[in-house]
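For reference, the structure discussed in these notes is given below.
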Amino acid sequence: MAQSLMNKTPGGGSTAFHDKQISMAHGAGGEASRRLVEELIRPLLANDWLNPLGDAAVLPAQSGRLAVTTDSFVVQPLRFPGGSIGELAINGTVNDLAVSGAKPIAITASLILEAGLPTEILRQEITAMAAAAGHLGLPVVAGDTKVVEHGKADGLYICTTGLGAIHPRAELRADRVCPGDRVLLSGPIGNHGMAIMLARAELDIEADIRSDTRPLAAMTEALLETCGAGVKWMRDATRGGAATVLNELARDARMTVVIDEEAVPLDDAVRGACELLGLDPLQVANEGQFVAVVREEVAAQALETLRNTPGGERACLLGEVRKGSLSRVLARASYGGVRVVDMLIGDPLPRIC
Ligand code: MG
């Protein structure tokens, strides 16, 4: 197993950078750029890999299989109940590694800033990144900063790359999924999408709904430790919600997935908001939930493992995999009916992450 590269707690607190807002000069590569990086960004993210500020971070060799993922974050608004773009950038990247069976070991971040962005907002978001990464012992080892003219971007975009070491027992592939396998869900769904919708004040309803943004690495690692290759497939249910990843599972495994609609954990506020808006909670985005397919023999143990891991208390047995060349997702309702759960079509809520 790869060991953590983090050998220093990230910095934080006050920095020497006193410019009130970001200007084109901060992206020009000269003195202002140097001050932005050396006086604001590096002190907040400080670690031994980033600190030399070379053209590339030089990391020790890793044994075993590596996972690499990359992502962009353009969420609007930048801050929303339960989280913000900086935290989301770390957690979202970590989660793509985690559901690939990897323990995150390093991350890079490229910042695209709009001229005129108040420095305080940038400081808050880098601090949020440092906190989310520091919480996982994950160093931000490299980065880049660009500035575009006012009006040519929307405050702040963050592009990340994550590097992870695959768990030695992980064998995650859709072609290993077979009839009888059980489908697990890590917890209540729909919170992130509804929180963003409410934060944009596009809706005429008020509800206390917070994004579920959080790292999933502890849960996925516990699952792999306990069940090893008994875990066959995992995916985080982000854009398009659980419905989309279940459809991807059905398509990639060439099976039918049958879920129990009653089993889907939902917070009351999310359920109410979805009913009011005519939304299917299965299609609403999440930033802290994943779907796992496990062998029937280990399903009870897998569920217990999830429920005993902090954050997994409301994990549930969502359904099972059945033979079926149509690659459909079917939901059994309490009254005995069955409906087809479609993948999210179109983009009803752009820029959710
Ligand atoms: Mg993903």
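The values are calculated or read from the model by the stated rules, or taken from the named source; none is laboratory data. Everything numeric here is computed off the predicted structure, so don't read it as measured data. Neighbour counts run over all protein chains shown; Cβ positions are idealised from the backbone, glycine included. Heads up: the accessible areas ignore ligands, DNA and RNA and are worked out on the full protein's heavy atoms, side chains in. Shrake-Rupley method; radii C 1.70, N 1.55, O 1.52, S 1.80 Å.
For the reader, a short list of remarks on this structure follows.
- Dipole-positive endmost among ALA106, ALA300, VAL177 within the chain (Cβ charges, Cα centre): VAL177
- Ellipticity at 222 nm from helices only: DSSP H runs of n ≥ 4 in the chain, each -39500 (n - 2.57), divided by the residue count, give -8000 deg cm²/dmol.
- According to the Cα-based calculation, Rg over Rh for the stretch 2-166 is 0.96, with Rh computed by the Kirkwood formula.
- Peptide ranges 82-90, 329-337 listed from the most packed, as the mean C-beta count within 10 angstrom indicates: 82-90, 329-337
- In this structure, the amide hydrogen of LEU66, modeled 1.01 Å from its nitrogen in the peptide plane, lies closer than 5 angstrom to those of ILE166, counting only residues at least 5 positions away or on a different chain.
- Carbon and sulfur %, accessible surface of the stretch 174-340 computed with the full protein complex present, 1.4 Å: 45
- Debye intensity ratio in log₁₀ form over the Cα atoms of the stretch 135-264, taken at each q of 0.11 Å⁻¹: -0.60
- In sequence order, calculated HN-Hα J values of the stretch 307-314 (Karplus, 6.51, -1.76, 1.60; Hz; x Gly/Pro): 5, 8, 9, x, x, x, 4, 9
- Phi to ³J(HN,Hα) by Karplus 6.51 cos²θ - 1.76 cosθ + 1.60 over the stretch 255-260, Hz, x for Gly, Pro: 9, 9, 10, 10, 10, 9
- Averaging the sequence gap over all C-alpha pairs within less than 8 Å and six or more residues apart, then dividing by the number of residues, gives the stretch 2-166 a relative contact order of 37 percent.
- Inverting the pair-averaged 1/r between distinct Cα atoms of the chain gives 21.1 Å as its Kirkwood hydrodynamic radius.
- The stretch 174-340: projected area of the alpha-carbon convex hull, averaged over directions, in nm²: 9.3
- Amide H contacts of ALA237 (H built 1.01 Å from N, under 5 Å, at least 5 apart or other chain): GLN289, PHE290, VAL291
- Average accessible area per residue (Å²) across the chain - probe 1.4 Å, nucleic acids and ligands excluded: 43
- With Cα atoms, 0 to 90° folded angle of helix 241-253 axis to the chain main axis: 70
- Within straight-line cross-link reach of LYS232, lysines at Cα separation under 24 Å, skipping those fewer than 8 residues along the same chain: LYS103, LYS323
- Cα shape, the stretch 241-307, gyration tensor, a/c 1.5 rule: oblate
- Ranked by the mean number of other Cβ atoms within 10 Å per residue, highest first, peptides 223-233, 310-320 order as 223-233, 310-320.
- Put simply, when 192-198, 96-102 are sorted by average Cβ atoms within 10 angstrom per residue, most first, you get 192-198, 96-102.
- The chain, relative contact order [Cα under 8 Å, separation at least 6], %: 21
- Carbon and sulfur %, accessible surface of the stretch 1-142 computed with the full protein complex present, 1.4 Å: 55
- Dipole magnitude of the stretch 178-324 about its Cα centre (Cβ charges: Lys, Arg +1; Asp, Glu -1), debye to nearest 20: 560
- Residue-wise HN-Hα coupling along the stretch 108-117, computed from phi with Karplus coefficients 6.51, -1.76, 1.60 (Hz; x: Gly, Pro): 10, 9, 10, 9, 10, 10, 8, 3, x, 4
- Stretchable slack from MET343 to ALA300, in nm (0.36 nm times residue separation minus alpha-carbon distance): 12.7 nm
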